[in-house]
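Accompanying notes for the structure given below.
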Amino acid sequence: MKFEIPPQSLFAVLMRSPWWVSAGISAAIILASATLLPPLYQPAGYFGAAPWLFIAGIAGWKQLRRPGATRVEATLAAIQEMNWTEFSKLMEDAFRRDGAEVTVLKDSTADFELRRNGRRSLVCCRRWKAAHTGIEPLRQLRTARREAEAAECIFVHAGELSDAARRYADENGILLLAGADLVALLPPAARLRA
């Protein structure tokens, strides 16, 4: 069973923040313990700072592995030039590399069904090229998730989502896979056309 962190927990928020935020909290704890506690209890500050240093290390590692702006731009441009067959194959391979069992769905609102650790997810990729996407495709995906009794649904896009669509996704638990997150799942742009 995979442990999931609530997205609004302090740990999750710090994991999404720059690494130096957690490192700063750790330094503040050490400094406070050194100035406020008697010498006998000052080592307790190091123990209190350890979890924050751990979070800083994980956040730093994730941020180091995240693709840069140049790679994001080049990869998004490359996938905008692909046809549906190329893009769907690319996404199928990417999800498999990421450890999911992938089933291609025909005649459905969703394009793929992912299975990972006993959880089913529906993925919609077909509007990846749309310059601007509204709520309707997200509504359809949410309905498909409910009908299939899937744990989650993922909407893949390389264009822009309207503000209303972003709110709808947040309110209905639809994961959005776009920008740097999408590029991190894919191979570098130089290999996309190979």
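Tabulated values for the structure
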{"quantity": "Within straight-line cross-link reach of K106, aspartates and glutamates at Cα separation under 20 Å, skipping those fewer than 8 residues along the same chain", "calculated": "E86, E92, D93, E136, E147, E149, E152"}
{"quantity": "Proximal aspartates and glutamates relative to K129, as straight alpha-carbon distance under 12 Å, when same-chain residues fewer than 8 apart are discounted", "calculated": "E81, E160"}
{"quantity": "From the coordinates shown, Rg and Dmax of the Cα atoms in Å corresponds to which of (1) 16.4, 58; (2) 20.7, 70; (3) 16.0, 53", "calculated": "(2)"}
{"quantity": "Net lengthening on full extension, K62/Q80 (0.36 nm per residue, minus Cα-Cα)", "calculated": "3.9 nm"}
{"quantity": "Relative contact order (%) - criterion: Cα under 8 Å, at least six apart; region: the chain", "calculated": "18 percent"}
{"quantity": "Helix-only CD estimate at 222 nm, as mean residue ellipticity for the chain, using -39500 (n - 2.57) per DSSP H run (n ≥ 4)", "calculated": "-17000 deg cm²/dmol"}
{"quantity": "Projected-area average for region 10-65 over all orientations - Cα convex hull basis, square nanometres", "calculated": "3.5 nm²"}
{"quantity": "Amide proton proximity set for T133, modelled H, under 5 Å, gap of 5+", "calculated": "E160, L161, S162"}
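Bear in mind that the values in this text are calculations on the coordinates, not laboratory data. Computed from a predicted structure; not experimentally measured.
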